[in-house]
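Let me begin by presenting the structure, written as structure tokens, before commenting on it.
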Amino acid sequence: MYDWLLSTLSTSAITTFLLVVLGWLGRNLIKNRLKASVQHEFDEKLETLRADLRKSEEAFKADLRAKEAQIATLQSGALTVLASRQAALDKRRLDAIDQLWAGIDALVPLKMAAMSMATIKFDASLKLASEDPKVRDLFAKLPGNVDLKTFPKVEVHKSRPFVSEIAWALFSSYQAIVGYAAAQLQLLKVGLNVPDLLNAEHVSKLAKSVLPHYADYIDTFGSAGYYNMLEPLEAELLKELRRMMRGEESDKASVEQAARIMKEVEIVNEAISKCPTT
């Protein structure tokens, strides 16, 4: 009886122990499976999230590249337009420079008048011409004897917007000075003894405003010295045109000088316009 009880208890203990072990193993197995399941689900969600982020990132990058391309296209287009405009402006400027210098060549007949007047005492000669037809005929045969009313107009005005203020002023002063000489010769030719019609003081101021370092020379020789000023004046104009071709901007001093010159040019041109024709 005792042995049976002992045997029964031992069997019961072993069974209980086994049940406990099996319960613990079962719990751990379930726990591990649940943990694995949760981890798997978490990993799947994490991978899905990562995939969504990658897609969003790629979409953002693609959109950014597209916008960068648009900006580059706009910038390229704007630069192309600016470059085209600058190229067109540069061409117009070069054409204007050619046109202005061609104007100097067109004024050669008037320059010849200045050369003729360089050897003539104007006031005394004008008195003689008014009294003697032979003297008038003599002056009519001198180089540079042109009628300012019919002399071909030098077409340079279209160049004005594309040249510097001082370049235009230098050309205008050159034209006025040789025009003044031609007007003097015209008075000698017709024998009109009205020397005040061409006020020497006005052209003297003009010449000094253009070439200030020639002031003493102008005071000494008067209108007879203007011919010798034409080459230095051409040199100044050529220097300015070359400066323009280098793309250099005018300084304040040259702009102010140009304004002073143009003021004197207008006065001289007004006097020339009153000169009688043949």
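I'm trying to understand the selection: among the residues of segment 212-260, which are acidic (Asp, Glu) and outside any loop (DSSP other than H, G, I, E, B)? Within segment 212-260, 216, 219, 231, 234, 236, 240, 256 meet the criteria.
Of the residues making up segment 237-261, those that are surrounded by fewer than 18 Cβ atoms within 10 Å (Cβ to Cβ) and either touching a Leu at 6+ places or on another chain (Cβ under 6 Å) or under 30 Å from residue 196 (Cβ atoms) (or both) are 259, 260.
In segment 93-156, counting only helices (runs of 4 or more DSSP H) that sit wholly within it, the ones holding 1 or more residues that are exposed (fewer than 15 other Cβ atoms within 10 Å of the Cβ) and either in contact with a Ser or Thr (Cβ under 9 Å, 6 or more places away or on another chain) or at pLDDT below 90 (or both) span 122-131.
Condition test on residue 203, is it under 38 Å from the mean Cα position of the chain (by Cα) and farther than 12 Å from residue 271 by Cβ?
Here the answer is no, as residue 203 does not meet what is asked.
Among the residues of segment 111-144, the ones that are under 23 Å from residue 201 (Cα atoms) and of a type outside the set (A, V, I, L, M, F, W, C) come to 9 in all.
Taking residues in segment 199-214 that are within 18 Å of residue 171 (Cβ to Cβ) and assigned by TED's automatic domain parsing to the domain that holds residue 166, and partners anywhere that are polar (S, T, N, Q) and in a helix (DSSP H, G or I), the pairs with Cβ atoms closer than 7 Å and at least 6 places apart or on different chains are 203/223; 206/173; 210/173.
Hey, among 272, 261, which residue is out of contact with any His (no Cβ under 6 Å at 6 or more places or on another chain), in contact (Cβ under 8 Å) with a residue 40 or more places away in the chain and farther than 26 Å from residue 145 by Cα?
Among 272, 261, only 261 is out of contact with any His (no Cβ under 6 Å at 6 or more places or on another chain), in contact (Cβ under 8 Å) with a residue 40 or more places away in the chain and farther than 26 Å from residue 145 by Cα.
Looking only at residues in segment 188-218 that are of a type in the set (A, V, I, L, M) and at pLDDT below 90, the one that is nearest to residue 228 (Cα to Cα) is 200. Looking at segment 244-264, is at least one residue closer than 19 Å to residue 111 by Cα, at pLDDT 90 or above and assigned by TED's automatic domain parsing to the domain that holds residue 111? The answer is no; no qualifying residue exists. Going by the conditions given, is residue 165 surrounded by fewer than 20 Cβ atoms within 10 Å (Cβ to Cβ), farther than 20 Å from residue 224 by Cβ and in contact with a helix residue (DSSP H, G or I) (Cβ under 6 Å, 6 or more places away or on another chain)? The answer is yes for residue 165.
The values are calculated or read from the model by the stated rules, or taken from the named source; none is laboratory data. As the structure is a computational prediction, the values presented were derived from the model and not from experiment. Cβ atoms come from the backbone with ideal geometry, glycine included; neighbour counts cover every protein chain shown.
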